[in-house]
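The structure appears right after this line, and notes come after that.
Read-outs throughout are calculated quantities, based only on the coordinates presented, and are distinct from any laboratory measurement. Only a predicted model underlies this, so the values are computations on that prediction, with no experimental measurement involved.
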Amino acid sequence: MALFPLTTVLLVWAMIRRARLFLHRAQLTGYKPSEFTQWVVGQSLPAWLPWKFPVLLITLGALSFWGVDWLSETALSVTASGLALLWTLTLGGGREVPIKKPLVWTPRVKRLSTTLFTISLAVLLAGAFVTLSPLLWQTGWGWVTGSAFNGLETWLSNPIPWYMWVLVVDMALPLWLLLALFVNRPIEQSVQRGYKKAAKKKLADHPGLTVVAITGSFGKTSTKYMLAKLLEQRYSVCFTPGSYNTPMGLCKVINQDLQSHHQVLLLEMGTRYPGDIAELCDLAQPDLSVITEVGAAHLDTLGSLDGVQEEKGTLAKRLKPGGALVLNHMNPRVSAMATWGPSNKTVWMAGWVEESPEQGDGEHGNGGRNGEQDSQDMHDEVWAGQKGADGINQVTHTHVRASKPTFTPEGSTFALHFTPSRESIHETSSTESLETQSAEISLPILGEHAVLNFTLAASAALQLGLRLETIASAASSMPEVEHRLQRRPMGDYLVLDDAFNSNPVGAKHALDVLVRMEGNQKWILTPGFVEMGVEQESLQRTFGEQLGQASLDGYLLIGPKQTSSIREGILASNPSMESRIHTFRSTAEAQAWLSEHQKPGDIILYENDLPDTYNE
């Protein structure tokens, strides 16, 4: 009997440890019941239900059924408590795995954990009542007499049903957490409405603020940091840190970081589901919109490239009348958005070409990449036929082009050409000429995509009145963006950290950089891509073929199932690479293996790093 309270406390302690695991997964999946359910269903049972659970449950059941015949009540109680203690002290609590992004005890997590605790406690008490009530019934429910205590003593003398019930409640923790998510949904919606209301009021109290919004399938974070660096040469800028691109992320920045002295609010807007960009624009409608790319990202939730284009294009449609729209002219799905949104706006077309505009051959408008041609006259190109409230309206196009790019292990150099229009000359700008202006740019950031991102950032900066000379000067000290093809010297070897890149285009650019660099052995460590919908396997296989053609010294693939199509692609394009392919279940396992095989002068590309929810 003395073991009963100790055993119960330890069983509940093991349950709390597992509850923390599921709270963490709920946070990583954005507190969305559907995505949390997908994680539970998609994991192998040991990931959330260790095999010891059913083993202990069956053992206790057998002990309760047969043990009464050959064990005394005391021996039965001690044996059951001993097994439960063994579980909690050595086996319980779920599988421990290395954590990349730990649980953050935000107010939302605290509210969710309170609800989860309340539900679990209610179910436990219900089990106690069910297992105890028959004994109390037999003793007449004499709560104030000794008979009740006799019934309780009988219950404690055989605690096996109670221990089994605690284990069942523990096993069903994912179900209780799902219930807690649904219970808390109205509470969280109310909290979010409050944050949004406060953010909108703060923006309304800041009428002179220029709101700049950036979105795209990829490149938006890098472009944001480049633009922030440029604008800080002239303005006081408040911008979202890291990948803060959700409604609550934007609310946090606006409510906590935006101050009265700020002149520009620079926001990154992300999306996973249709309507996400619209929700962000409801919060902060942009005066200037920048759209970097439309490509293979979030195809599982947006359905197709058409769905991605429609969702990203919301930023063009929700632009304030009279605002400016900066588009990547090298992506046809993005350049097509020039006619979207308000009819009175300035459109900037940005990209890079092999030759300078002065050497125009009729293909400079898209860098000779798409087989489309622009007008050779880059002055005030007007697209007519867009109907607005006053009939046919004009949309002014301004071009910013990078030409003759040269890529080195230190970054890139290129010429930046700006052909202004009258509408694109900011009222505070000293630029008056409509002649094409040029400047030599030295950008200490790796990759072709960095050049494109810079032309987009430069276009937005020019729209807001910066001089081309100022932009060129700021470019030379442009910092690398963390985890986006960032160079990280690690003693006698070099890491190219592209861990926050999870798209096929960026991965190919990173691979090209790795191939161009001089080094000893060249390695890639990657789990491939996710959230690509029905295109997942084909995109990964294509990436594998690109890897095989690169003939690297080693391929470290994370996740046997996740990367099987990458392996197939490598072998399809270069069968001789089979001995160089190494598959691991986790990044930590791959890093441990690599530390024993790498040599001085090696270069290691970390391409994408999936969150803990994708552990196999």
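Past 30 Å, Cα to Cα: identify those pairs from Lys110/Lys317; Lys197/Lys224; Lys197/Lys345; Lys229/Lys599; Lys197/Lys220; Lys200/Lys345, in the order given.
Pairs exceeding the cut-off: Lys110/Lys317; Lys229/Lys599.
Only bridges with both residues in the range 464-576 count here: give the DSSP antiparallel percent, nearest 5.
55
Can you work out ³J(HN,Hα) from phi for every residue in the range 456-470, in order, using Karplus 6.51 cos²θ - 1.76 cosθ + 1.60 and θ = phi - 60°, giving whole Hz and x for Gly and Pro?
Here the 3J(HN,Hα) series is 5, 5, 5, 4, 5, 5, 5, 4, 8, x, 6, 7, 4, 5, 5 Hz.
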